[in-house]
Amino acid sequence: MSSAAPTLPARLTVVVPCYNERANVAPLIARLEAALRGIAWEAVFVDDNSPDGTAAAVREIAAHDPRIRCLRRVGRRGLSSAVIEGALSSSAEFVAVIDGDMQHDETRLKPMLAKLAAGEGDIAIGSRYVEGGGAAGLAGGFRQRLSRLGIRFAQLFLPAPVSDPMSGFFMMRRQRFEEIAPRLAGSGFKILLDLLFNARPPLRVVEIPFEFRARAFGESKLDALVLTQFAGLLIDRVLHGAVPLRFIAFAGVGLVGVGANLASLAVGRALGLGFALAQAIATVIAMGVNFQLNNTLTYRDQRLRGRRLWRGLALFMLFCGIGAVADLGIARTLYEDHNSLTVAGAAGAIVAVVWNYAISATLVWRAR
Ligand SMILES: Nc1nc2c(ncn2[C@@H]2O[C@H](COP(=O)(O)OP(=O)(O)O)[C@@H](O)[C@H]2O)c(=O)[nH]1
Ligand SMILES: [Mg+2]
């Protein structure tokens, strides 16, 4: 690694979000160095306290290379917010975002900078889907189909067509980024989409093709969750933020829970259990399923682990249990008053989901 101190402040900040990418840190820096020769650059690795020691690997290099910085965040996870904070830590004229796993082609950074510096656009996007680009490195046909489907959806909401609005590889003027930053949703994975949606006036886009490489070390952190989070972003866009996304996710999980409850009840009955016992067991199973799904999806960014997980589960079951009893009471009263099962059932369900949501947000997964 070069130990030459930069004589100029950075013109380009490369933001590298990373989680468990220790083995990729040194090779990526070597590649950036080769690709950015002649440009005053720096790189900020934004690490969410990876257990594999990614931050330490960055600091080891930063100790003798002033172009390298480490931004270690604790108690938080999230690709979008990592990118936002990394970019906001920059004072350079341009900021770029590149994955920390070498799947993006760092040799495209120079052409991106040239286009932006020439005023050809406000944002340069590394695209897998324009002539000369490729998505072969996306693990599995499922991920490729998912990605294409998502792109088609996103096009419906974008001010101008962009061939790869889900790309995590782009560059823009820092000044524009700073203007848009306060309006960003900041949650989930799709920071570029978030930027394109929220820029006023819309960003002028230039697309630079690149070949998405296969991962050399480590594993992908993005799976089917990408789709749920992406759906969330679109729903939020349609509803203009009128209903909290978490509530929608929570209600969706609740529906799955109802299915789990009915299925368990049927199994219990088939095994010859009495109705009350089968229903009690089915309720506990459904609450467990709901808790687990909420912990991995709805509250992914505040996911409970270890002792906190068990404490959260106990609280969740206790309060949702109280909710279930209240719900039965409301349903019964309404049924007696109106003699309509649908009204009674629906009212009971609405009260239950609002109650459970309120408890979950304030007691179980409270923001730390
Ligand atoms: N700081 C931070 N980085 C993340 C997080 N999730 C993913 N990343 C990084 O974002 C980049 C893209 O993630 P990856 O799992 O490779 O996604 P894929 O290439 O779509 O499979 C990688 O550099 C990851 O290490 C996160 O929660 N926090
Ligand atoms: Mg990757």
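The values are calculated or read from the model by the stated rules, or taken from the named source; none is laboratory data. All values reported here derive from a predicted model rather than from experimental measurement. Note that we place each Cβ from the backbone using ideal geometry, even for glycine, and neighbour counts take in every protein chain shown. Ligands, DNA and RNA are excluded from the accessible area calculation, which covers all protein heavy atoms including side chains. Shrake-Rupley method; radii C 1.70, N 1.55, O 1.52, S 1.80 Å.
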- Task: Give the residue that is nearest to ligand 2 (Cβ to nearest atom), with candidates limited to residues of the stretch 25-45 that are of a type outside the set (G, A, S) and open to solvent by less than 10 Å² (accessible area, probe 1.4 Å).
- Result: L28
- In the stretch 186-212, anything modelled with pLDDT of 90 or more, within 16 Å of ligand 2 (Cβ to nearest atom) and of a type outside the set (D, E) is listed as I191, L192, F210
- Considering the stretch 60-105, residues that are more than 16 Å from ligand 2 (Cβ to nearest atom) and of a type in the set (S, T, Y), and then whichever is farthest from R174 (Cα to Cα), we arrive at S81
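What residue, of D122, D52, D65, is under 15 Å from Y19 (Cβ atoms) and acidic (D, E)? Lay out the reasoning, then the answer.
Working: D122 fails: under 15 Å from Y19 (Cβ atoms); D65 fails: under 15 Å from Y19 (Cβ atoms).
The conditions single out D52.
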- Filter the stretch 83-110 for residues that are open to solvent by 40 Å² or more (accessible area, probe 1.4 Å) and over 17 Å from P17 (Cα atoms); which is farthest from ligand 1 (Cβ to nearest atom)? E93
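Looking at this structure, is D48 acidic (D, E), more than 16 Å from ligand 2 (Cβ to nearest atom), farther than 19 Å from D194 by Cα and open to solvent by less than 50 Å² (accessible area, probe 1.4 Å)?
Values: acidic (D, E): yes; more than 16 Å from ligand 2 (Cβ to nearest atom): no; farther than 19 Å from D194 by Cα: yes; open to solvent by less than 50 Å² (accessible area, probe 1.4 Å): yes.
Criteria not met by D48.
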- Query: in contact with an Asp or Glu (Cβ under 9 Å, 6 or more places away or on another chain), away from ligand 1 (no atom under 14 Å from the Cβ) and open to solvent by 70 Å² or more (accessible area, probe 1.4 Å): does that describe R22?
  - Reply: no
- In the stretch 106-134, which residue that is out of contact with any Gly (no Cβ under 7 Å at 6 or more places or on another chain) and within 16 Å of ligand 2 (Cβ to nearest atom) is nearest to W365 (Cα to Cα)? G126
- Only one of A96, A92, A82, A117 is touching a Cys at 6+ places or on another chain (Cβ under 9 Å), among the small types (G, A, S) and at pLDDT 95 or above, namely A82
- Message: If A55 meets every condition in (1) within 16 Å of ligand 2 (Cβ to nearest atom); (2) open to solvent by less than 20 Å² (accessible area, probe 1.4 Å) apart from one, which number is that one?
- Response: (1)
- For the stretch 246-288, which residues satisfy the criterion of being within 24 Å of S187 (Cα to Cα), in contact with a helix residue (DSSP H, G or I) (Cβ under 8 Å, 6 or more places away or on another chain) and without any contact (Cβ under 8 Å) to a residue 40 or more places away in the chain? I248, V256
